[in-house]
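Inspection log for the structure reproduced underneath, given as structure tokens.
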Amino acid sequence: MKKVMVGECEFELGGKYITEMRDSNDILDDTEALRERMQEDGYLLIRGLHDRNEVLEARLEGLHILNDRGELDPNYPVEEAVIGAGSRGGMYTNEKLPKLQKVVEGHRIMEFFDRFLGGESMTFDFKWARNVGKGESSAAHYDIVYMGRGTKNLYTAWTPLCDISYEMGGVCVCLGSQNLEKIKQTYGQMDVDRDDISGEGFSKDPIEMVDKFGCKWATTEYRAGDVLIFGMYLMHGSLTNTTNQFRTSVDTRFQLRSEPVDERWVGAKPRGHYQSGKGSMEEARAKWGV
Ligand SMILES: O=C(O)CCC(=O)C(=O)O
């Protein structure tokens, strides 16, 4: 059986802790069915929504920046994104990435959201373009705690910028976590800046999401062109990158233009987070009783 790493834990895919996601390409033209699927599964995986070549070009645009910074191993072609000695990867924040913008603000995704949301959609100007290094993963979290000052009818689109194997570690979601009312009413009301609590996530222990909260993880291998869409109250994280190559991906946000917007993430120079996140999540969870 295939083994996958979530954080520090190794699980059998198809076992008690983690299963394979399903895609929604069969219902892609049926907007009502997509909305129902989102309610039911908490996510929509759409294969090949983007033009694969445009996605790969967008990735290369970013990799050249990493290469100029000396973060790639010079013994390999830039496209292989082999991690250089001592390199930490991280996110692009101020760089201009027109090819990336062309994908993540392109007509395919905007039209999808216009239809799915039932009105003119918009996307935050800030894009979370990530280069995830060896041994790294994202801990379980809701997105609402980072971007919840506008409408709650907000969606994340997570876009792999290359083919992402289980070993390279794409996003995994926690099935049923969109219905964990107590967590939504406590952790889900938090704002990392207002409350100055650590933004590192709700839980670094993938086992507790299953054994304590009754959810099951789901993931897949992604291909450049795919997109994974989910709402603000779906607990998610990522598998661990166990390869020597950067896992390149970008996450972006979409909402109706007519609804309130979280001002931290829009404008020519989005303000972003402004607190250091000193407060402990463990203490906050003990107080909330979750
Ligand atoms: O790419 C990752 O590891 C995390 C992405 C994420 O948390 C998100 O898209 O909201």
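A few notes on this one:
- The single condition among (1) of a type outside the set (A, V, I, L, M, F, W, C); (2) closer than 24 Å to Val261 by Cα; (3) within 16 Å of the ligand (Cβ to nearest atom) that Asp125 does not meet is (3).
- Extreme residue, surrounded by the fewest Cβ atoms within 10 Å (Cβ to Cβ), among residues of region 132-154 that are near the ligand (Cβ under 10 Å from one of its atoms) and within 22 Å of Gly106 (Cβ to Cβ): Asp143
- Scanning region 1-44 for residues that are over 19 Å from Asn179 (Cα atoms) and in a strand (DSSP E or B) gives Lys3, Val4, Met5, Val6, Cys9, Glu10, Phe11, Glu12, Leu13, Glu20.
- Odd one out for Asn179 among (1) in contact (Cβ under 8 Å) with a residue 12 or more places away in the chain; (2) away from the ligand (no atom under 11 Å from the Cβ); (3) within 26 Å of Lys16 (Cβ to Cβ): (1)
- Qualifying residue in region 36-55 (condition: surrounded by 14 or more Cβ atoms within 10 Å (Cβ to Cβ) and polar (S, T, N, Q)): no
- Complete set of residues in region 79-99 that are aliphatic (A, V, I, L, M) and either part of a strand (DSSP E or B) or touching a strand residue (DSSP E or B) at 6+ places or on another chain (Cβ under 6 Å) (or both): Ala81, Val82, Ile83, Met91
- Restricted to region 113-214, the set of helices (runs of 4 or more DSSP H) holding at least 3 residues that are touching a strand residue (DSSP E or B) at 6+ places or on another chain (Cβ under 7 Å) and either of a type outside the set (Phe, Trp, Tyr) or within 26 Å of Asn94 (Cβ to Cβ) (or both) comprises 206-211.
- Residues of region 227-244 satisfying the condition of being in a strand (DSSP E or B) and not aromatic (Phe, Trp, Tyr): Val227, Leu228, Ile229, Gly231, His236, Gly237, Ser238, Leu239
- Applying the condition of being of a type outside the set (Val, Ile, Thr) and crowded, with 17+ Cβ neighbours inside 10 Å to region 252-263 and asking which residue is farthest from the ligand (Cβ to nearest atom) yields Leu256.
- Test: Pro77 is more than 19 Å from the chain's Cα centre (by Cα), more than 30 Å from Asp26 (Cα to Cα) and free of Cβ contacts under 8 Å to residues at least 12 places away in the same chain: yes
- Thr240 being touching a Ser or Thr at 6+ places or on another chain (Cβ under 6 Å) and within 28 Å of Glu80 (Cα to Cα): yes
- Restricting attention to region 245-273, the residues that are in contact (Cβ under 8 Å) with a residue 40 or more places away in the chain, within 21 Å of the chain's Cα centre (by Cα) and not in a strand (DSSP E or B) add up to 10.
- Among the residues making up region 155-172, those that are among the aliphatic types (A, V, I, L, M) and within 10 Å of the ligand (Cβ to nearest atom) are Ala157, Ile164, Val171.
- Asn53 meets each of the listed conditions (1) in a loop (DSSP other than H, G, I, E, B); (2) free of Cβ contacts under 8 Å to residues at least 40 places away in the same chain apart from (1).
- Filtered by the rule that a residue be over 25 Å from Met5 (Cβ atoms) and within 14 Å of the ligand (Cβ to nearest atom), region 185-243 gives Val192, Gly231, Met232, Tyr233.
Every number here is computed from the coordinates shown, using simple stated rules; none is lab data. For clarity, every value in this text was computed on a predicted model and none was experimentally measured. With ideal geometry, Cβ positions are generated from the backbone for all residues, glycine too; neighbour counts draw on all protein chains shown.
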